[in-house]
């Protein structure tokens, strides 16, 4: 194998492929990137058995071939090379020689035959969405997936295509995040659960804007994100996702309209009095045109008043400030509406069109 | 006690005082900042028993008093307050109330009597230097102090005032860093060893430029850095510092003049093949107008040639690339001169005026 690259193209591609390299594995081959130049294109492939990435790299094939190379070493070398033409070639002992200007590295490679290729996936239905929107919709929901694996479905996000809308849902038992966007064109209805880890990586790799498209392909077991010259593949999570519709209610006893930044700043201040060990709630005392927020912990107490436009009954309700902060951070609206049913029922932060709904369970403060 | 501050002034001062707050201590009072408004000025004082900071804070004293407050909580609160007038007051139970706009915190304080005040230091000799120069001279030498405490003197830096020059020296047994600058005015000769930790904090707090001065006061046991409205005090390290002069030699067998960036980039690339567990050297093969640098480790090998102007014999010598990198990083010259005596004697990187000297011991590669 003998290839040449522009340094900047090479670095970009290694960076992408790195995202699906296992850091902790008992199989050393999974710590490698497969360089496949056996056909007419150069591909970098990585696979941690959950997430797979294949990216086509701009470069010239002087001699066809394939080799797997330790990803971390490869990345660190490429990162430090001067910005010039980089040559990679292998010898019969699978030593990979990387040359750039007067610099020359010899790194032991591994046989490409040992590398687990990505599964071939039947590309059935697909949707198209901008890179910007997909990144946004992931970041605006991913924080409320469950961290522990007790319930596998909670570690993923529901992607539901229905009536040419994409709805993304995540929940962890204490809160639900829902985002909806319209899709262009005709799309078949679909309901899949995608692992959160994969979505995090996808949002990290997607650096395009509103003009750059991603195609998302669904098969029965997999989902593929394809954009530019990169394909990210992940296995779906099996099982029937929670029936979220029945958890949502149109009713409310109290509605408050609040300046988002005021509430967020206040919750941020409150959260610093909360220690991991004693999870005290922020108590919201909602009266006619003000909400008094207070918290009282071993570290001290805080008391603050923010103004609101209220509709409905007065209410006293307690929340974990972290849950409020997570939701408020990703809402772009300046003014937000919060709907409360009772001090022991979830509240909803949502816009009029329900393009976003954040449901948060209160902390019982009547004890 | 009742005080008011502009938020930005308060935040700046808490930030400074934080630098001498103990993070790990068995004495909870050392985790506090002492707020002393018992006289005509407001002072924030912190003291981790090694380093002490006293900074005068712009603000208004409505009622005199003193209180100690948990530094981390105080800092986190102040950081999150809106940019407006902040009021602090204490009640008879030592509860500190912090108010800003509609936000109100109550934090338990501690008696100021428990706080260990900074020692009163006899200000004998002093030098004046710009904040920029002091920060530079620390950063250009601090990396070669010893990390472990086996030899206390090696954990500090020698500050030597002689003939109106300040010479700063650090060494760890494998290398020596020396920087010299001229001082304005007449200064008494002095030779003190200042703890490295204190100097790191000083360089972090000093944010002024070439127009901003620091006065450094020396006493028998302490050194004080005074600038703006802040004073940093630290105990000196006892003992006679190493006789560095006798380790320096004017002789050399080989001299190479090299482009600094070329050598630094090359050493950076070489270092990535070095693992903590196997410290392999970079071998420099110096011939007439080139240096071939090579390294060979379990991770792979590297080979690179850089051009040089050589004076003297050919030589093959090995170095720990980290030591080279540390020195090269802080040298501003584009071209550097390296002087070698033999493959088993230290090399020197120095400029013609000896404003800097970096001595590095080679790794014996003859084995």
Given the conditions (1) modelled with pLDDT under 95; (2) within 33 Å of the chain's Cα centre (by Cα); (3) surrounded by fewer than 20 Cβ atoms within 10 Å (Cβ to Cβ), every one holds for residue A:66 apart from (1)
Taking region B:280-294 and the residues there that are assigned to a loop (DSSP other than H, G, I, E, B) and under 33 Å from the mean Cα position of the chain (by Cα), the one that is modelled with the lowest pLDDT would be B:280
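Looking at A:314, A:289, which is the one that is farther than 27 Å from residue B:88 by Cα and within 14 Å of chain B (Cβ to nearest Cβ)? Explain how you work it out, then say what you get.
Numbers: A:314 fails: within 14 Å of chain B (Cβ to nearest Cβ).
Step by step, each of A:314, A:289 is checked, and only A:289 is farther than 27 Å from residue B:88 by Cα and within 14 Å of chain B (Cβ to nearest Cβ).
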The lone condition residue A:28 fails out of (1) within 17 Å of residue A:109 (Cα to Cα); (2) within 14 Å of chain B (Cβ to nearest Cβ); (3) at pLDDT 95 or above is (3)
Condition test on residue B:92, is it over 19 Å from the mean Cα position of the chain (by Cα), within 14 Å of another protein chain (Cβ to nearest Cβ) and surrounded by fewer than 18 Cβ atoms within 10 Å (Cβ to Cβ)? no
Residue A:297 passes all but one of the listed conditions (1) modelled with pLDDT under 95; (2) away from chain B (no Cβ under 14 Å); the exception is number (2)
- Message: Looking for something without any contact (Cβ under 8 Å) to a residue 24 or more places away in the chain, surrounded by 14 or more Cβ atoms within 10 Å (Cβ to Cβ), within 27 Å of residue B:349 (Cα to Cα) and touching a strand residue (DSSP E or B) at 6+ places or on another chain (Cβ under 8 Å) - is there at least one such residue anywhere in region B:167-181?
- Response: yes
Filtering strands (runs of 3 or more DSSP E) wholly in region B:320-362 for at least 2 residues that are touching a strand residue (DSSP E or B) at 6+ places or on another chain (Cβ under 7 Å) and without any contact (Cβ under 8 Å) to a residue 60 or more places away in the chain gives B:347-350
When restricted to A:80, A:135, the only residue within 14 Å of another protein chain (Cβ to nearest Cβ), in contact with a helix residue (DSSP H, G or I) (Cβ under 9 Å, 6 or more places away or on another chain) and within 30 Å of residue A:212 (Cα to Cα) is A:80
When (1) surrounded by 15 or more Cβ atoms within 10 Å (Cβ to Cβ); (2) part of a loop (DSSP other than H, G, I, E, B) are applied to residue A:147, the one that fails is (1)
Residue B:261: passes all of (1) over 30 Å from residue B:193 (Cβ atoms); (2) surrounded by fewer than 18 Cβ atoms within 10 Å (Cβ to Cβ); (3) more than 26 Å from the chain's Cα centre (by Cα); (4) more than 9 Å from chain A (Cβ to nearest Cβ) but (3)
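The values are calculated or read from the model by the stated rules, or taken from the named source; none is laboratory data. Bear in mind the structure is a predicted one, so any value in this text is a computation, not a measurement. All Cβ positions, glycine included, derive from the backbone under ideal geometry; neighbour counts span all protein chains shown.
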